[in-house]
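Working notes, structure below.
The values are calculated or read from the model by the stated rules, or taken from the named source; none is laboratory data. Please read these numbers as outputs of a predicted model, since none were measured by experiment. Ideal geometry is used to build each Cβ from the backbone, glycine not excepted, and the neighbour counts take in all protein chains shown.
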Amino acid sequence: MDETPSPADAANDAITQPLDDVIDSDAFIPRLLALLSNALVWRESMLLRREFSLGTNDWRVLSALGVRPGSSATDVSEFLVMNKAVVSKAVNVLISRNLIASTGGPRGSRHLFLTPAGVEMHNEMLPISLAGEDILLSQLSADEVAALRVLLGKLMGQIPHLAQDDA
């Protein structure tokens, strides 16, 4: 006998009042960081797609290779703390557009480099990212920006702990 409630029964049992034990959404730091990140990514993605027909993930890979030429896709994934499949898709897009080139080696271990067209694309995309940061920080003093960078650096140090299995 199936004891799964029907959609109609589930609707009748729906909880219509807020729960007593919930996250304070105005003060929960992970939510606030996610909202800021989402807003930056949405803005950047919209502008990059409209201007260059590339997305934020493509830009992140180009940018990473500008900082770390010769990285493998795995290295880029670890540097960006991004899913390997997402990085692989971006790498394939960028290779197909002749913006990056790969040297020999098995998939995932090939060394990736910007091409001259990739450097040009990087330089054209860079102002969009920098403008997003300028918008975000425009209401902060230089001292507040410096303090924020220190605090974010400390938070970034916690990334390895977030990947640990607490179960």
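Quick look at the numbers
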item	result
Candidates L33, L48, L40 - the one that is closer than 30 Å to M121 by Cα, of a type outside the set (F, W, Y) and in contact with a Leu (Cβ under 6 Å, 6 or more places away or on another chain)	L48
Members of region 42-85 found to be crowded, with 16+ Cβ neighbours inside 10 Å and β-branched (V, I, T), listed by number	T56, V61, V76
Wholly enclosed helices (runs of 4 or more DSSP H) of region 18-122 bearing at least 3 residues without any contact (Cβ under 8 Å) to a residue 40 or more places away in the chain and of a type in the set (G, A, S)	29-52, 84-96
Residue within region 157-164 that is at pLDDT 95 or above and either part of a loop (DSSP other than H, G, I, E, B) or more than 17 Å from the chain's Cα centre (by Cα) (or both) present	no
Enumeration of residues in region 89-111 that are at pLDDT 95 or above and basic (K, R)	K89, R97
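Yes/no matrix, rows are residues, columns are (1) at positive phi; (2) more than 20 Å from the chain's Cα centre (by Cα); (3) among the hydroxyl-bearing types (S, T, Y):
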residue	(1), (2), (3)
E3	no, yes, no
S6	no, yes, yes
A14	no, yes, no
Q17	no, yes, no
D20	no, yes, no
I23	no, yes, no
R31	no, no, no
L35	no, no, no
L40	no, no, no
